[in-house]
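Take a look at the structure below.
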Amino acid sequence: MRTPPHLRVLKSNFVHMERRKIDAFVERHSPKTVIAVQGLGFVGAVMSLVCANAIDGDYAVLGVDLGDEKSRKKIRALNDGIFPLKAEDPNIEILFKSSRQKGNFYATYEEYAYRVADVIIVDINLDVAKIPCPEGGLLDFEVEMEPFRRAIETIANNCKPDALILVETTVPPGTCTGVVRPLIVAGLMARGLS
């Protein structure tokens, strides 16, 4: 089903406005290192706050999540000063308030954030289905890699050629050399970059 032209124009306008917000955020914090954290689940949201409050550095942090409605609600809440995830650790609220005071954290759904980032931290959920052994222990497991691959491809299609990409997500052995690196290299080469 094709998107009607008037909705394509509307979507294009929203994307353009969001990119302008990201550019303004980065410009406001120039010459700070820009960190983009991919994934605003609990781990990614907290990682964003830790980076925004780093002791040894002053960073501009872009938290990036999907553009679906659930994620957009989370993004709006974060930008409106409401930490939308349940946390028992009181330090998380302190870090959130501190980043709000510093003004060095912005949440977005726009993948353009990877184009302006000097450092990209991958913090997305990687689902592992465990198959237990009847006698106890683990018989086997299955890892759903497709969402992870799409996330890495998004980075590869947008990142600077010299961006530092850190995979914080727990992945099976060999994932960085067998999946991440080839996808990043292919994405850079497709854009004519080394």
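Data overview
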item	result
Any hit, region 168-181, residues being open to solvent by 20 Å² or more (accessible area, probe 1.4 Å) and under 13 Å from the mean Cα position of the chain (by Cα)	yes
Count of region 22-54 residues which are among the aromatic types (F, W, Y) and open to solvent by 60 Å² or more (accessible area, probe 1.4 Å)	1
G57 being under 21 Å from D162 (Cβ atoms), open to solvent by less than 50 Å² (accessible area, probe 1.4 Å) and assigned to a loop (DSSP other than H, G, I, E, B)	yes
Residue in region 74-96 that is part of a helix (DSSP H, G or I), of a type in the set (K, R), out of contact with any Phe, Trp or Tyr (no Cβ under 9 Å at 6 or more places or on another chain) and within 23 Å of G57 (Cβ to Cβ) present	no
Qualifying residue in region 62-76 (condition: more than 22 Å from R115 (Cα to Cα) and either over 18 Å from the mean Cα position of the chain (by Cα) or among the hydrophobic types (A, V, I, L, M, F, W, C) (or both))	no
Any hit, region 88-99, residues being among the aliphatic types (A, V, I, L, M) and open to solvent by less than 30 Å² (accessible area, probe 1.4 Å)	yes
Inter-residue pairs, beta-carbon under 6 Å, first free of Cβ contacts under 8 Å to residues at least 40 places away in the same chain and in region 153-170, second among the aliphatic types (A, V, I, L, M), 6+ apart	E153/L183; A156/L183; A156/I184; P161/L188; P161/L193
Within region 60-72, considering residues that are in contact (Cβ under 8 Å) with a residue 40 or more places away in the chain and in a loop (DSSP other than H, G, I, E, B), the one surrounded by the most Cβ atoms within 10 Å (Cβ to Cβ)	D65
Odd one out for M47, checked against (1) over 20 Å from the mean Cα position of the chain (by Cα); (2) at pLDDT 95 or above	(1)
Subset tally (residues that are assigned to a strand (DSSP E or B) and buried (at least 20 other Cβ atoms within 10 Å of the Cβ)) for region 106-134	6
Restricting region 135-160 to residues that are part of a loop (DSSP other than H, G, I, E, B) and modelled with pLDDT of 85 or more, the residue that is surrounded by the fewest Cβ atoms within 10 Å (Cβ to Cβ)	E135
Residue in region 164-171 that is within 20 Å of S30 (Cβ to Cβ) and out of contact with any Ser or Thr (no Cβ under 8 Å at 6 or more places or on another chain) present	yes
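The values are calculated or read from the model by the stated rules, or taken from the named source; none is laboratory data. Fair warning: this is a prediction, and the values are worked out from it, not measured in the lab. Every residue, glycine as well, gets a Cβ built from its backbone with ideal geometry; the counts of neighbours run over all protein chains shown. Calculation scope for accessible area: heavy atoms of the full protein, side chains included, ligands and nucleic acids excluded. Shrake-Rupley method; radii C 1.70, N 1.55, O 1.52, S 1.80 Å.
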